[in-house]
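The values are calculated or read from the model by the stated rules, or taken from the named source; none is laboratory data. Values in this document were obtained by computation on a predicted structure and should not be read as measured data. Cβ: placed from backbone, ideal geometry, glycine included. Neighbour counts: every protein chain shown. Protein only, heavy atoms only, side chains kept; ligands, DNA and RNA dropped before computing areas. Shrake-Rupley method; radii C 1.70, N 1.55, O 1.52, S 1.80 Å.
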Amino acid sequence: MATVEERVRAITTAKLGVEDMKLEDSFTADLGAESVDSIELVAMFEEEFGIEMDEDAALAVETVGDAITFIAKVCKEQGVEIEE
Amino acid sequence: MRLILIDSLRENRSNFYPLVLGRPIWELRCGFSSLEDKLIAKINPDEIAYFVPDYMATYYRTQVEKPVNDVTMLAGDDLLLVDPSVKAANFDPALAGGQAPPAEAGVKAKGPSEIGINEQGQVLYSRISEKDVGGLTAGSIDQFVASAKASLPNVKCELSTWEYTWDLVLANCEEIATEFAVAGRSGIEGNVEEPLAIRGSKKDVYVAPGAKVHPMVTLDAEHGPIYIDEGAEIHPFSRVEGPCYIGKNSLLLGAKCREGNSIGDFCRVGGEVEESIIHGYSNKYHDGFLGHSYVGEWVNLGALTTNSDLKNDYSNVSVMLDGRRSIDTGSTKVGSLIGDHAKTSIGTLLNTGSYVGAMALIMATGKPLPKHIPSFGWFIEGIVTKGFGKGRLYEAAKTAMSRRRCQWTQQTEAMWDAVFEITSPVRKAAIKKGRRRLSM
């Protein structure tokens, strides 16, 4: 199974068309995500990991690294198995 | 005699979703007035009390001065309990001074106790004389009606009822004409600037005091009456065809207002509108077609929002009220049902028989939308999402209301929180479907 980081990177690339990204990259300022893209990214992460994320908390996440941490935390809370 | 309106017992009140998620059924409009106004006008009660679903009781108490969900109102007088889906025309009035009611075949508003039940066993009305009230259980409205049904004479009745929201839309033309005749008003009491063209009989046009009709307006009453209520304003190049009712303080902005429209108070309407009911406080400011639709309160339809109300094959229109099952409306003309606080972006295309939930937010895709957008759903990039959540929707609602000097209160928010929970299963299913589509 791919790690959370690999899966987050793959979805972000698929949605935003960005190949190279750093953990500290901001989805909006560095990767060019519009507000609509953020909503779709949340939906895609939920589908990929089989989780439900609180929309306010999810949309408050700014960077790729924070997204990985946040998703890993939600997976644990919701009993979803992941590779860290 | 006390009239008790009950909207808390119906299993099928969802037939009137999304319009009754934030209000009782009797507040729905048809013609000039609400269903409650029609019942009161026909029944002529001495006083009124309401029973609404528990989740909206606290909010509704802030909206009306009469008792809400107060079981003490189930004693001390002759009572007439009425399901608000029963059409007012079924009742004979309660006349003052012991006069006999007219010899119609309607339900007498006063008389010996009886419980009117339809073929499905649903109680449509309960007429209970004061002497019988004491023997009934009055712990709750449900208990009260059940005990009345069990102990008082039951009468099988087939009264005409409003079954779905589109029934109101389809009856609107006729209702406007009837209510115009009952109102008995005609002529120009407001301010009319020439040139004004009135087609048909001037007797079929009424412009109320404080209403303004700008120059270059056509009022076409050839096929039905036109009633422009107090404070309404009709801007130049508007064409208004009767039957039509324009509510208090509403604005028509160069609108092509075709026949059969009821526009409630404080609306702003432009573009082409046909045989539709706009409840009140809603904006359809710009061009775009709205036909055979019911639009709730605090709705904003973006420029060029257009709905279909007729299928290309002229077959009956179906509507999905619950997001799963299609209901055949039995009519070839049904447009959209649009819930309170819904908002559409520019260029939104609504399919024939669309359901747009309360608080839904739509961003157009260029294609006709799915026929069911759930309440609180954010329709973005062709799928239903959680969007930015209900908090942002509430912020937008507060702003919209404050612009009309109306308040979003704690009670308002608590009621919409309850609606959010009630509508959650349908919304979650739509969001899940959207996610799957994204990953394909």
1.4 Å probe, heavy atoms, protein only - residues of the stretch A:29-74 losing at least 30 Å² accessible area vs chain alone: A:Val36, A:Ile39, A:Glu40, A:Ala43, A:Met44, A:Glu46, A:Glu47, A:Glu52, A:Glu55, A:Leu59
- line: Counting only DSSP beta bridges fully inside the stretch B:174-439, the antiparallel percentage to nearest 5 is 10
message: Ignoring everything except DSSP H segments at least 4 long, calculate the 222 nm mean residue ellipticity for chain B; use -39,500 (n - 2.57) per segment, divide by total residues, nearest 500.
response: -6500 deg cm²/dmol
message: Need one number: % antiparallel among DSSP beta bridges in the protein assembly as shown, to the nearest 5.
response: 20
- request: Using all C-alpha to C-alpha distances in the stretch B:174-439, build P(r) with 5 Å bins and read off the rounded percent in each one.
  value: 1, 6, 12, 17, 16, 15, 12, 9, 6, 3, 1, 0, 0
field: Average accessible surface area per residue within chain B, 1.4 Å rolling probe, Å²
entry: 41
statement: Expected sort for B:210-221, B:81-92 on mean C-beta neighbours within 10 Å, highest first, is B:81-92, B:210-221
statement: With every protein chain kept in place and a 1.4 Å probe, the residues B:Phe376, B:Phe420 fall, from largest accessible area down, as B:Phe420, B:Phe376
statement: Per residue, accessible area of chain A with a 1.4 Å probe, heavy atoms of protein chains only, in Å², comes to 52
field: Per-residue SASA entry for B:Arg199, accessible area with 1.4 Å probe, Å² rounded to 10
entry: 100
query: Put a dot 7 Å past each Cα toward the Cβ at B:Ser160 and A:Ala57; how far apart are the dots in nm?
result: 5.5
field: the protein assembly as shown, accessible surface, carbon-and-sulfur percent (1.4 angstrom probe)
entry: 49
statement: Label model pair A:Glu84, A:Asp30: point-to-point distance (7 angstrom along the Cα→beta-carbon line) in nm is 2.2
statement: Measuring from the longest principal axis of the C-alpha atoms of chain A, the long axis of helix A:35-49 (C-alpha) lies at a number of degrees, nearest 10, equal to 30
- prompt: Using a simple charge model, +1 on the beta-carbon of Lys and Arg, -1 on the beta-carbon of Asp and Glu, nothing else, what dipole does chain B show about its Cα centre, in debye to the nearest 20?
  reply: 1800
- request: Estimate for me the total accessible surface buried between chains B and A (protein heavy atoms, probe 1.4 Å, no ligands or nucleic acids), in Å² to the nearest 100.
  value: 1400
- request: Please give the FRET efficiency for A:Glu77 paired with B:Lys66, using the beta carbon to beta carbon distance and R0 = 56 Å, rounded to the nearest 0.05.
  value: 0.75
Sequence-distant residues sharing a close amide H with B:Ile327 (under 5 Å, placed H): B:Val319, B:Met320, B:Leu321
query: Which of these, B:Leu152, B:Leu251, B:Leu168, has the largest mean-square fluctuation under a Gaussian network model of chain B (Cα springs below 10 Å)?
result: B:Leu152
message: Only protein chains counted, 1.4 angstrom probe. Which residues of the stretch B:384-414 are at least 10 Å² less accessible in the assembly than when their chain is isolated?
response: B:Thr385, B:Lys386, B:Gly387, B:Phe388, B:Gly389
field: FRET efficiency, 1/(1 + (r/R0)^6) with R0 45 Å, evaluated for B:Tyr314 and A:Glu6 via beta carbons
entry: 0.25
- request: Just subtract the alpha-carbon distance of B:Glu413 and B:Lys432 from 0.36 nm times their residue separation and send over the number in nm, one decimal.
  value: 4.2 nm
task: Using R₀ = 25 Å, calculate the FRET efficiency as 1/(1 + (r/R₀)^6) where r is the Cβ-Cβ separation of B:Glu130 and B:Ala150; round to 0.05.
output: 0.85
Residues whose placed amide H lies under 5 Å from that of B:Lys333, excluding near-sequence neighbours: B:Val317
query: Ordering B:Glu65, B:Glu194, B:Glu272 from largest to smallest accessible area (1.4 angstrom probe), what's the sequence?
result: B:Glu65, B:Glu194, B:Glu272
query: DSSP loop chymotrypsin sites (Phe, Trp or Tyr not before Pro) in the stretch B:134-238 with at most 12 other Cβ atoms within 10 Å of their Cβ, which ones?
result: none
